[in-house]
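Laboratory data are not the source of any read-out in this text; all were calculated from the coordinates shown. All of these numbers come straight from a predicted model, not from anything done at the bench. Every residue, glycine as well, gets a Cβ built from its backbone with ideal geometry; the counts of neighbours run over all protein chains shown.
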Amino acid sequence: MTALKSVTSKKLYMGRLKHGADLLEEITGACRKENIKLGRVEAIGAVKRARLGYYDQKTREYKFFTIDRPAEITSLIGNVSIKDGEPMVHAHVTLADDDGKAYGGHLAPETEVFACEIIIEALEGPAFNRQFDKETGLPLWDM
Ligand code: ZN
């Protein structure tokens, strides 16, 4: 059954990420610095290289792959919630190469920022805590 909780918009943050930074770590660090425990994230820009994940539903493990060349971030979309008591950013990205071909997946550490413009929306509402989900093997929101 679909479970929803009501949240409201609290504040918007806009910024530019540091050249050479780790994309996922930099977004997570910004959320921790501003004490954002619930929110959503969007960004556009470019990366020098990327590491993405694909969750294999049979083996219940992430298969990670590297795109070892510059690419555009045509879309990054994600959310902020709590895992193990700390804010955690879960983001997916679509990247495009010099032919406009797209790659996508679960954003993993070791994705290096070339330039990135980000908007974070802090939300107010009940806590969204990630707990191990038996059906999927993933740390999903405990609803
Ligand atoms: Zn994911």
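3J(HN,Hα) along the stretch 64-73: 9, 9, 10, 10, 8, 6, x, 8, 7, 8 Hz, from the Karplus curve 6.51 cos²θ - 1.76 cosθ + 1.60 with θ = phi - 60°, whole Hz, x for Gly and Pro.
Taking only C-alpha pairs under 8 Å that are 6+ residues apart, what is the relative contact order of the stretch 9-125 in percent? In percent, rounded to a whole number, it is 43. In this structure the amide hydrogen of K83, modeled in the peptide plane, comes within under 5 Å of the amide hydrogens of M88, R130, none closer than 5 places in sequence on its chain. Rounded to whole numbers, the Karplus 3J(HN,Hα) couplings from phi for the stretch 36-51 are 8, 10, 8, x, 9, 9, 9, 7, 9, x, 8, 10, 7, 7, 9, 10 Hz, using 6.51 cos²θ - 1.76 cosθ + 1.60 with θ = phi - 60°, and x at Gly and Pro. Net charge near D22, counting Lys/Arg +1 and Asp/Glu -1 over other residues with Cβ under 9 Å of its Cβ? After counting each charged neighbour, the total is -4.
Along the stretch 11-22 the Karplus relation, 6.51 cos²θ - 1.76 cosθ + 1.60 evaluated at θ = phi - 60°, assigns HN-Hα couplings of 7, 10, 10, 10, x, 10, 8, 5, 4, x, 6, 7 Hz to successive residues, with x for each Gly and Pro.
For the chain, what does -39500 (n - 2.57) per DSSP helix run (n ≥ 4), summed and divided by total residues, give at 222 nm, in deg cm²/dmol to the nearest 500? Can you show the working numbers first?
Numbers: 1 runs with 11 residues, N = 143.
Counting only the DSSP helices, I get -2500 deg cm²/dmol.
Using a cut-off of 13 Å between beta-carbons, work out the net charge of the residues near Q57 (Lys and Arg +1, Asp and Glu -1, Q57 not included). Net of charged neighbours comes to -1.
What is the calculated FRET efficiency for A21 to A102, with r their C-beta to C-beta distance and R₀ = 22 Å, to the nearest 0.05?
Values: r = 23 Å, r/R0 = 1.04.
In this case the efficiency is close to 0.45.
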